[in-house]
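For reference, the structure discussed in these notes is given below.
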Amino acid sequence: MDESGLQGTTGKTPRLVFIDHLRVFLIILVVLHHVAAVYGAGTEFYYVEPPFADPTAYKLLLAFMLINQAWFMGAFFLLAGYFTPGSFDRKGSGSYLKDRLLRLGVPLALFFFILNPLSSVGFYLMPAELTGITTPLSLEALYPESVGLGPLWFVAMLLILCFGYTLWRWLTKSRSASPADRSTSPSYFGIGFFVLVLAGMSFLIRMVVPIGEEVRGFPTLAYLPQYMSFFVLGAVAYRSDWFRGISNTMGAVGFTAAGIAGVVLFPYLYSGQWFSLEVSESLEIAMGHGNWQSALYAFFDSLFAVGMSLGLIAFFRKFQNNESGLGRFLTQQSYAVFIFHIPIIVFLAYALRGVELASLLKFAVVSLIVIPVCYIFAFIVRKIPSVSNIL
């Protein structure tokens, strides 16, 4: 299986088809997340479409993005961690690191030097009164200011974690991380303890790096405890075969916990009122700075991330564990979709700027166009000789 958390499962380890399908779901959610940035105007993005006169679209799409942010990248790191030990065992440290540098480093360099500047053309396509840009678009304007990680901060961080895992295996002289002969399941006590520790660590880091503050190209470093711990948890899950051992009941409990966190805690943190999505200053207060609201937000997204991960693993294992032609196609293209979706969104959104629809409706319509275009483009790119070996 590939340990990137983005590519399809391959190799000698038994194929977990439901994880392939879960990965596809997460990739599509990433695409929708960035389409929402175009029409919700709730965050900085390569291209946003004015006017911003629809408060309903603003608050709903902003809430959608914050809910996504609370868990879905952590889920990617969980999957990546799960597939790392088996890959390391099969390849050995040298081949493993060479493979990581090829499969992660090459796309990272491609986006950093080419696709991020290309996507940044979107800033020049917006009205000058919105961006403050008065100079014409030129190569000099794009370089070097527009090079950057973009959403491939995930790939950069994953590459760092892969080197860290290699160092740990070398220091501990661990020869094998084979999964258990019998699938096991984490305990409820252990899960609850993990949620509390994760919430505490998230609260502490957000005293220094609040949610929404970018650090060295990493836009969500406030979630670093979640990303690192989910990667480690994934590696532990591989040894204990948790993905097949988690019971459907535990998955239902996970969904229930996430539902309570999302319906009760999130609206209060978002608006300062129970069961309300009216945007208020309460949201900014909860982003960090060591207050009780930040502590509650850290508990919310820790509980939500763990609950959603448990629930979706059990759900996809029960209902999406059969191979199909469509499933294989989507799985094979997913990593390339992740790499290329940003410039596709930017230029399609600009091309459709003349379509006059309410913001929420336009978000839905453009999403229905962008997703198949991304997968078709990925399919074509992967037909280039040797590209499929990387993507």
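The values are calculated or read from the model by the stated rules, or taken from the named source; none is laboratory data. Owing to the predicted nature of the structure, the values given are computational and were not obtained by experimental measurement. Glycine also receives a Cβ, built like all others from the backbone with ideal geometry; neighbour counts cover every protein chain displayed.
Considering the conditions (1) over 26 Å from Val17 (Cα atoms); (2) over 18 Å from the mean Cα position of the chain (by Cα), Val215 is excluded by exactly one of them, (2).
Report yes if some residue within the stretch 240-260 is within 17 Å of the chain's Cα centre (by Cα) and small (Gly, Ala, Ser); otherwise report no. No, that holds for no residue. Taken across the stretch 50-59, residues that are buried (at least 17 other Cβ atoms within 10 Å of the Cβ), more than 22 Å from Gly217 (Cα to Cα) and at pLDDT 95 or above do not occur at all.
Residue check: Pro372 meets all listed conditions (1) outside any helix (DSSP H, G or I); (2) surrounded by fewer than 13 Cβ atoms within 10 Å (Cβ to Cβ) but one, namely (1).
Scan the stretch 346-354 and give yes if some residue there is within 20 Å of the chain's Cα centre (by Cα) and either surrounded by fewer than 16 Cβ atoms within 10 Å (Cβ to Cβ) or under 30 Å from Phe52 (Cβ atoms) (or both), otherwise no. Break it down stepwise before answering.
Going through the stretch 346-354, the residues within 20 Å of the chain's Cα centre (by Cα) turn out to be 346.
From what's left, either surrounded by fewer than 16 Cβ atoms within 10 Å (Cβ to Cβ) or under 30 Å from Phe52 (Cβ atoms) (or both): 346.
Scanning the stretch 346-354 turns up at least one residue that is within 20 Å of the chain's Cα centre (by Cα) and either surrounded by fewer than 16 Cβ atoms within 10 Å (Cβ to Cβ) or under 30 Å from Phe52 (Cβ atoms) (or both).
Apart from one condition, Phe25 fits all of (1) of a type outside the set (Ser, Thr, Tyr); (2) modelled with pLDDT under 95; (3) surrounded by fewer than 21 Cβ atoms within 10 Å (Cβ to Cβ); (4) out of contact with any Phe, Trp or Tyr (no Cβ under 7 Å at 6 or more places or on another chain); the exception is (2).
Residues that are buried (at least 17 other Cβ atoms within 10 Å of the Cβ), farther than 21 Å from Leu66 by Cα, in contact with a Pro (Cβ under 8 Å, 6 or more places away or on another chain) and not hydrophobic (A, V, I, L, M, F, W, C) within the stretch 193-239 comprise just one, Tyr238. Of all the listed residues (Ala80, Ala141, Ala109, Ala156), the sole one being in a helix (DSSP H, G or I), surrounded by 20 or more Cβ atoms within 10 Å (Cβ to Cβ) and on the phi < 0 side of the Ramachandran plot is Ala80.
Residue-by-condition table, conditions (1) touching a strand residue (DSSP E or B) at 6+ places or on another chain (Cβ under 7 Å); (2) farther than 28 Å from Phe338 by Cα; (3) not small (Gly, Ala, Ser):
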{"site": "Leu139", "(1), (2), (3)": "no, no, yes"}
{"site": "Gly150", "(1), (2), (3)": "no, no, no"}
{"site": "Phe154", "(1), (2), (3)": "no, no, yes"}
{"site": "Phe163", "(1), (2), (3)": "no, no, yes"}
{"site": "Thr166", "(1), (2), (3)": "no, no, yes"}
{"site": "Val197", "(1), (2), (3)": "no, yes, yes"}
{"site": "Gly212", "(1), (2), (3)": "no, no, no"}
